[in-house]
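The values are calculated or read from the model by the stated rules, or taken from the named source; none is laboratory data. Here the structure is a predicted model, which means the values were calculated and not measured. Here the Cβ positions follow ideal geometry from the backbone for every residue, glycine too, while neighbour counts run over all protein chains shown.
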Ligand SMILES: [Zn+2]
């Protein structure tokens, strides 16, 4: 009877109040941060799955139905989703998530981007970072700016729960500050270590924790490597004492393994986002895992 009454109370409260905000994120990272702020008072879905390349997500027709019901769309921006998102949004028939709609959020607007080109960029040449590097979620400090923006939009569209969102945001920022201090302390002994990455996915992480990126397997973001590029990369970095060659889980391993082997570095597969590897299920876990992997690889 008691259970029945509490269920009834919950039902009446739901009917009297309003439905939960339905938040759709393009990537699991944005969904994970939204979850930290909204808790069980919002519904959150990510379109991309953790193991996918964020630039080339498989745009399933079912995404259109998901977007049609969204109150809020969280996108990374800086052209990260330009290859797959705009046509989905255009077909979703949902004015809330159109550019300038009440629930359309471009998270890059709250972040200082690195790698913004100073000259003209030709996308036909394969550069998928024409607006600067869009992988800013890999700096945990940027997580605070993203959370701040998400808190603003949740509070605006669901003012009844604004105090709840704001207190979650404060707690999230505090916990992140403490974790960043800890992650920095653990990686401090390896400051200045030289690394090569497959794509410019980890630039923000490397900059935050004091590593030096000396080259990439890709000649340009989004362009597959040629043997000429790989040979030039190896001869340029062979004598530099490069410690790590880092690739995301979805990349082919052969070339980065070959390069690592030839220049005497270690090959490391690191998650580029939440869900990219097993057990990385939230935003803190993304860095706990990454820091541990880097620390372990450099310790020996
Ligand atoms: Zn990229």
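Residue count for segment 31-44 satisfying the condition of being surrounded by fewer than 16 Cβ atoms within 10 Å (Cβ to Cβ) and in contact (Cβ under 8 Å) with a residue 24 or more places away in the chain: 2.
Could we say that residue 283 is closer than 28 Å to residue 147 by Cβ and more than 16 Å from the ligand (Cβ to nearest atom) here? Full working, then the answer.
Details: closer than 28 Å to residue 147 by Cβ: yes; more than 16 Å from the ligand (Cβ to nearest atom): yes.
It is true that residue 283 is closer than 28 Å to residue 147 by Cβ and more than 16 Å from the ligand (Cβ to nearest atom).
Out of segment 125-139, which residues are within 10 Å of the chain's Cα centre (by Cα) and either away from the ligand (no atom under 11 Å from the Cβ) or surrounded by fewer than 24 Cβ atoms within 10 Å (Cβ to Cβ) (or both)? Selection gives 137, 139.
Taking first residues from segment 220-237 that are within 15 Å of residue 251 (Cα to Cα) and outside the structural domain of residue 251 (by TED's automatic domain parsing) and partners that are within 16 Å of the ligand (Cβ to nearest atom) and in a loop (DSSP other than H, G, I, E, B), no Cβ contact under 9 Å between residues at least 6 apart in sequence or on separate chains turns up.
Checking each residue in segment 33-52 for being part of a loop (DSSP other than H, G, I, E, B) and away from the ligand (no atom under 16 Å from the Cβ) picks out 47, 49.
Among the residues of segment 108-121, some residue qualifies, meaning at least one is within 28 Å of residue 220 (Cα to Cα), buried (at least 22 other Cβ atoms within 10 Å of the Cβ) and either within 15 Å of the ligand (Cβ to nearest atom) or modelled with pLDDT under 95 (or both). Residues in segment 255-268 that are surrounded by fewer than 20 Cβ atoms within 10 Å (Cβ to Cβ) and part of a strand (DSSP E or B): 266, 267.
Could you please give the count of residues in segment 75-100 that are on the phi < 0 side of the Ramachandran plot, surrounded by fewer than 21 Cβ atoms within 10 Å (Cβ to Cβ), out of contact with any strand residue (DSSP E or B) (no Cβ under 7 Å at 6 or more places or on another chain) and in a loop (DSSP other than H, G, I, E, B)? Final tally of qualifying residues: 5. Being within 16 Å of the ligand (Cβ to nearest atom) and either over 15 Å from residue 135 (Cβ atoms) or assigned to a strand (DSSP E or B) (or both), is that true of even one residue in segment 225-241? There is at least one residue in segment 225-241 that is within 16 Å of the ligand (Cβ to nearest atom) and either over 15 Å from residue 135 (Cβ atoms) or assigned to a strand (DSSP E or B) (or both). Do we find that residue 103 is at negative phi, away from the ligand (no atom under 14 Å from the Cβ), surrounded by 18 or more Cβ atoms within 10 Å (Cβ to Cβ) and not assigned by TED's automatic domain parsing to the domain that holds residue 274 in this structure? Criteria met by residue 103.
Being surrounded by 20 or more Cβ atoms within 10 Å (Cβ to Cβ) and assigned to a loop (DSSP other than H, G, I, E, B) holds for only one residue in 252, 271, and it is 271. Please specify each residue of segment 53-74 satisfying the condition of being surrounded by fewer than 22 Cβ atoms within 10 Å (Cβ to Cβ) and either outside any loop (DSSP other than H, G, I, E, B) or under 15 Å from the mean Cα position of the chain (by Cα) (or both). Listed by number, the residues that qualify are 53, 55, 56, 57, 62, 64, 65, 66, 68. Residues that are assigned to a helix (DSSP H, G or I) and touching a strand residue (DSSP E or B) at 6+ places or on another chain (Cβ under 7 Å) were ranked within segment 192-209; the one that is nearest to the ligand (Cβ to nearest atom) is 203.
Can you tell me which of (1) under 21 Å from residue 182 (Cβ atoms); (2) modelled with pLDDT of 95 or more; (3) assigned to a loop (DSSP other than H, G, I, E, B) is the one residue 279 doesn't meet? Going through (1) under 21 Å from residue 182 (Cβ atoms); (2) modelled with pLDDT of 95 or more; (3) assigned to a loop (DSSP other than H, G, I, E, B) one by one, residue 279 breaks only (2). The residues of segment 198-215 that are out of contact with any helix residue (DSSP H, G or I) (no Cβ under 8 Å at 6 or more places or on another chain) and over 16 Å from residue 287 (Cβ atoms), listed by number, are 199, 200.
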